[in-house]
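J.: Quick one: the structure is below, and I'll ask about it shortly.
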Amino acid sequence: MKKTIVVTGGAGFIGSNFVYHMLKKYPDYRIVCVDCLTYAGNLSTLKKALENPNFRFSKTNICDRKAIKELFEEEKPDIVVNFAAESHVDRSIETPELFLQTNVLGTETLMDVCRELNIPRYHQVSTDEVYGDLPLDRPDLFFTEKTPLHTSSPYSASKAGADLLVMAYVRTYKFPATISRCSNNYGPYHFPEKLIPLMIINALNDKPLPVYGDGKNVRDWLYVEDHCKAIDLIIHEGEIGEVYNVGGHNEMANIDIVKLILKELGKSEDLITFVEDRKGHDRRYAIDPTKIHTQLGWLPETKFENGIVKTIKWYLDHKDWWEEIISGEYQNYYEKMYGDK
Ligand code: NAD
Ligand code: TDX
């Protein structure tokens, strides 16, 4: 059946991958991307989508109630999927307010408009960071959907605030929402400020690779396409009011990822530079995805050893995309973050 799906934050990393996944899998769906194009949103990412008659791009801020209402009245979406967020932990430590505005108030605005217009379904894209962190010496522990929320950074606190608001709307207004909490994603269109693209690009440019602290912090990595497939399943078959954890049981220490990237690119480990640790740095994330597997049949398809090679190749083949990005505002950010480290 034909559907109209609003994808907020669709000019960013995961949102754009989701746009492409949906346009390919559902040729009769209309996909409407809502994105205000912050530093992290790039229209060049959506170049191919913009050629598709089933795709519309609207440059709109999710906090702009009037504009969102007009757009939703016109498009009458069947489902709203909210990816739009400030997403970088280091930036949240510098400017928490922006994170609260977009991540909490933006979510509230979207949900209020959906309620007003009786939009049948809303999905909140959340993160494993809302569960806080796990110790390195307890590999038997994982985050389940029942793990209490316990946040470390202004970013994760803002995402947890949004999740709590979604659950409150479900209970108070019977708001038809679902939530997914995913582990670290990697793949095409990942913004160069994040670990994997930053290390690939610095290595290609023979620049130092800044590893925070002792480099032993562990993240649970999932290829972005597998995350998109999980969200696709949840919005079509997931149960209203439910939270689904998404992750591929692929835990790796940061330093091992950095060494792997250097090896793949034939560069020397001498480029590795240990720098001051991130404030409040979470030690280990590890998702238990049993619920989405048993209830919706989701399983990750891309093994890390293949996904990381594909990702490195993508960055080698798409220099134009990232060279344009790192030539602008990103330069100032990089100097500020890493200039004196
Ligand atoms: P991103 O920073 O690459 O993209 C965010 C997008 O949202 C950008 O296009 C930006 O322009 C847009 N945006 C920001 N503020 C906006 C606003 N006020 N109005 C409209 N658009 C706005 O982020 P990402 O890594 O693609 O993450 C997408 C979502 O997934 C986020 O909600 C994030 O919390 C969540 N998430 C990310 C990861 C990860 O590993 N990257 C893992 C789990 C969950
Ligand atoms: O220069 C760096 N050096 C370094 O050692 C950077 C940018 C990161 N790191 C470390 C910090 C983390 O332990 O690498 C790890 C990954 O860092 P990020 O790529 O910034 O991701 P993380 O903080 O784990 O958060 C990501 O996953 C969860 C996303 O950015 C979030 O949006 C998502 O919710």
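The values are calculated or read from the model by the stated rules, or taken from the named source; none is laboratory data. All of these numbers come straight from a predicted model, not from anything done at the bench. Heads up, the Cβs are rebuilt from the backbone with ideal geometry, glycines too, and the neighbour counts pull from every protein chain shown.
J.: Quick one: what pairs do we get from the range 265-294, first residue surrounded by 15 or more Cβ atoms within 10 Å (Cβ to Cβ), second at pLDDT below 95, C-beta under 7 Å, 6+ apart or different chains?
T.: V275/K341
J.: Applying the selection to the range 243-260, what residues are among the aliphatic types (A, V, I, L, M), within 16 Å of ligand 1 (Cβ to nearest atom) and in a helix (DSSP H, G or I)?
T.: Residue satisfying the conditions is I257 alone.
J.: Kindly list, by first and then second residue, each pair from a residue in the range 323-334 that is within 16 Å of K207 (Cβ to Cβ) to a residue that is among the small types (G, A, S), limited to pairs with Cβ atoms under 9 Å and residues at least 6 apart or on different chains.
T.: Cβ pairs passing all conditions: I325/S44.
J.: Now for a separate question. Please pick out the residue among F18, F72 that is within 10 Å of ligand 1 (Cβ to nearest atom) and either within 25 Å of V166 (Cα to Cα) or of a type in the set (D, E, K, R) (or both).
T.: F18
J.: Right, something else. When you scan the range 146-169, do you find a residue that is assigned to a strand (DSSP E or B) and touching a helix residue (DSSP H, G or I) at 6+ places or on another chain (Cβ under 6 Å), even just one?
T.: Scanning the range 146-169 turns up no residue that is assigned to a strand (DSSP E or B) and touching a helix residue (DSSP H, G or I) at 6+ places or on another chain (Cβ under 6 Å).
J.: Here's something else I'd like to know. I'd like the residue in the range 180-225 that is touching a strand residue (DSSP E or B) at 6+ places or on another chain (Cβ under 8 Å) and among the acidic types (D, E) and, out of all such residues, is farthest from ligand 1 (Cβ to nearest atom).
T.: Looking at residues that are touching a strand residue (DSSP E or B) at 6+ places or on another chain (Cβ under 8 Å) and among the acidic types (D, E), I get D214.
J.: Filter the range 29-51 down to the residues that are surrounded by 16 or more Cβ atoms within 10 Å (Cβ to Cβ) and more than 14 Å from F13 (Cβ to Cβ) and list them by number.
T.: Passing the criteria: Y29, R30, I31, V32, V34, C36, A49.
J.: Report yes if I240 is farther than 20 Å from I196 by Cα, touching a Phe, Trp or Tyr at 6+ places or on another chain (Cβ under 8 Å) and away from ligand 2 (no atom under 16 Å from the Cβ), otherwise no.
T.: No: the conditions fail for I240.
J.: Right, another one. Test each condition in (1) away from ligand 2 (no atom under 12 Å from the Cβ); (2) closer than 30 Å to P210 by Cα; (3) not hydrophobic (A, V, I, L, M, F, W, C) for E145 and report the one that comes out false.
T.: (2)
J.: Here's another thing I want to ask about it. Is there a residue in the range 192-211 that is at positive phi, touching a Ser or Thr at 6+ places or on another chain (Cβ under 7 Å) and assigned to a loop (DSSP other than H, G, I, E, B)?
T.: no
J.: Quick test of your reading of the structure: I240 fulfils all but one of (1) among the β-branched types (V, I, T); (2) surrounded by fewer than 21 Cβ atoms within 10 Å (Cβ to Cβ); (3) part of a helix (DSSP H, G or I). Name the failing condition by number.
T.: (3)
J.: For the range 105-130, give me each residue that is within 12 Å of ligand 1 (Cβ to nearest atom) and either crowded, with 21+ Cβ neighbours inside 10 Å or among the hydroxyl-bearing types (S, T, Y) (or both).
T.: The answer is G106, T107, T109, L110, H123, Q124, V125, S126, T127, D128, E129, V130.
This table checks each residue for (1) of a type in the set (F, W, Y); (2) surrounded by 12 or more Cβ atoms within 10 Å (Cβ to Cβ); (3) modelled with pLDDT under 85.
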| residue | (1), (2), (3) |
| --- | --- |
| G297 | no, no, no |
| F304 | yes, yes, no |
| Y315 | yes, yes, no |
| E324 | no, yes, no |
| Y334 | yes, yes, yes |
| M337 | no, yes, yes |
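J.: Among the residues in the range 14-37, are any among the hydrophobic types (A, V, I, L, M, F, W, C) and in contact with a Pro (Cβ under 8 Å, 6 or more places away or on another chain)? Lay out the reasoning, then the answer.
T.: Taking the range 14-37 first, the residues among the hydrophobic types (A, V, I, L, M, F, W, C) are 14, 18-19, 22-23, 31-34, 36-37.
The next check asks that each one be in contact with a Pro (Cβ under 8 Å, 6 or more places away or on another chain); those that pass are 32.
Yes: the range 14-37 contains one or more residues that are among the hydrophobic types (A, V, I, L, M, F, W, C) and in contact with a Pro (Cβ under 8 Å, 6 or more places away or on another chain).
J.: Going by what's in this entry, would L165 be described as exposed (fewer than 14 other Cβ atoms within 10 Å of the Cβ) and touching a residue at least 60 places away in the same chain (Cβ under 8 Å)?
T.: Here the answer is no, as L165 does not meet what is asked.
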